[in-house]
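The values are calculated or read from the model by the stated rules, or taken from the named source; none is laboratory data. Computed from a predicted structure; not experimentally measured. In this analysis, Cβ positions are derived from the backbone assuming ideal geometry, glycine residues included, and neighbour counts consider all displayed protein chains.
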Ligand code: SIN
């Protein structure tokens with residue numbers, strides 16, 4: 001008989017561990033209150049899929065996650081991956097910032113063992129919760145040899161996404177996530193892998209203890225005032241991501257502010273506010289700035305991860 005794979009579950013909170021005060025009004029609930037053991041107990045048959053161990057790392061609504069939480073989570077993931085009895089890791093997480101934590105862990109992790117994030121759009125005591133299905137699918141993927149070498153993944157609504165590509169695209173749909181033009185990596189029940197994920201040549205180190213760099217995101221609309229960049233600098237931002245119209249198109253009125261920021265050592269990152277890739281032909285237009293194809297929230301994650309590890313953010317913003 002084939003040995004069951006070992007999967008370590010790290011619980012961080014979210015709607016998947018949320019409880020509504022009244023089952024008939026599931027839209028009013030508190031995220032991150034149900035302990036991990038109870039989450040597991042809600043999924044019949046889970047113990048048949050993998051040998052499970054569990055860790056309650058945080059109990060948070062993911063809007064309250066910070067870069068310090070990403071660092072703590074990455075350390076917990078690395079500790080689990082180092083164990084001989086662990087073949088894969090599952091992280092349960094709120095869906096609101098799941099893509100940010102998953103991308104941080106992806107940037108600092110190089111392991112063939114699957115690391116799979118999951119969450120839910122409905123609280124655990126909703127009339128028809130999606131958490132149990134997502135958890136079963138995530139554990140199945142983490143235990144599967146087919147998921148090895150694909151980097152950090154997220155499994156939601158029967159779809160397998162790469163951490164690099166996933167974004168929450170709808171705030172309330174059960175099928176809330178998209179991987180845009182890159183497409184999903186595969187599907188679950190049964191697992192089918194549709195495409196390869198090109199592995200990164202190296203990973204960033206996890207940022208050492210101590211304060212992490214402040215990186216701000218400014219969303220620029222028609223006529224937005226460039227002194228917002230100055231304000232971010234003065235508040236201590238080491239990098240500022242500008243979520244710009246069109247192809248990361250910087251208004252002329254902002255050019256001087258970007259030049260001054262560079263002179264005082266603050267990195268400006270030009271991202272497209274519509275979230276999809278910036279074609280390379282747009283270039284920097286002679287600006288001392290980095291152009292990224294990452295969506296603004298992920299450009300911020302890459303900047304925090306690189307600056308926090310003492311690395312130049314440029315190559316990680318093309319990650
Ligand atoms: C959260 O992100 O913690 C709340 C929302 C969710 O999990 O869907």
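Quick one: which of 49, 91, 86 is in the same structural domain as residue 16 (by TED's automatic domain parsing) and within 14 Å of the chain's Cα centre (by Cα)?
Residue meeting the stated conditions: 91.
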For residue 216, are the conditions met, namely being modelled with pLDDT of 95 or more and within 19 Å of the chain's Cα centre (by Cα)?
yes
Tally time: how many residues in the stretch 11-29 are within 11 Å of the ligand (Cβ to nearest atom) and at pLDDT 95 or above?
7
Please specify each residue of the stretch 1-24 satisfying the condition of being under 14 Å from residue 121 (Cα atoms) and surrounded by fewer than 24 Cβ atoms within 10 Å (Cβ to Cβ).
19, 20
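Where in the stretch 30-122 are there helices (runs of 4 or more DSSP H), lying wholly inside it, with at least 2 residues that are within 16 Å of the ligand (Cβ to nearest atom)?
36-41, 67-81, 98-107
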For residues that are touching a helix residue (DSSP H, G or I) at 6+ places or on another chain (Cβ under 6 Å) and modelled with pLDDT of 95 or more, tally how many sit in the stretch 308-319.
1
Regarding residue 156, is this residue assigned by TED's automatic domain parsing to the domain that holds residue 83, more than 15 Å from the ligand (Cβ to nearest atom) and touching a helix residue (DSSP H, G or I) at 6+ places or on another chain (Cβ under 7 Å)?
no
Could you tell me whether any residue of the stretch 143-166 is crowded, with 19+ Cβ neighbours inside 10 Å and free of Cβ contacts under 8 Å to residues at least 24 places away in the same chain?
yes
Going through the stretch 231-254 in order, the residues found to be part of a helix (DSSP H, G or I) and surrounded by fewer than 16 Cβ atoms within 10 Å (Cβ to Cβ) are 231, 234, 252, 253
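Residues are listed down the side, and each one gets a yes or a no for (1) within 20 Å of residue 97 (Cβ to Cβ); (2) not in a loop (DSSP other than H, G, I, E, B):
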{"site": "146", "(1), (2)": "no, yes"}
{"site": "149", "(1), (2)": "no, no"}
{"site": "153", "(1), (2)": "yes, yes"}
{"site": "170", "(1), (2)": "yes, no"}
{"site": "200", "(1), (2)": "no, no"}
{"site": "223", "(1), (2)": "no, no"}
Over the stretch 170-224, the set of residues free of Cβ contacts under 8 Å to residues at least 24 places away in the same chain, over 27 Å from residue 307 (Cβ atoms) and buried (at least 18 other Cβ atoms within 10 Å of the Cβ) is 178
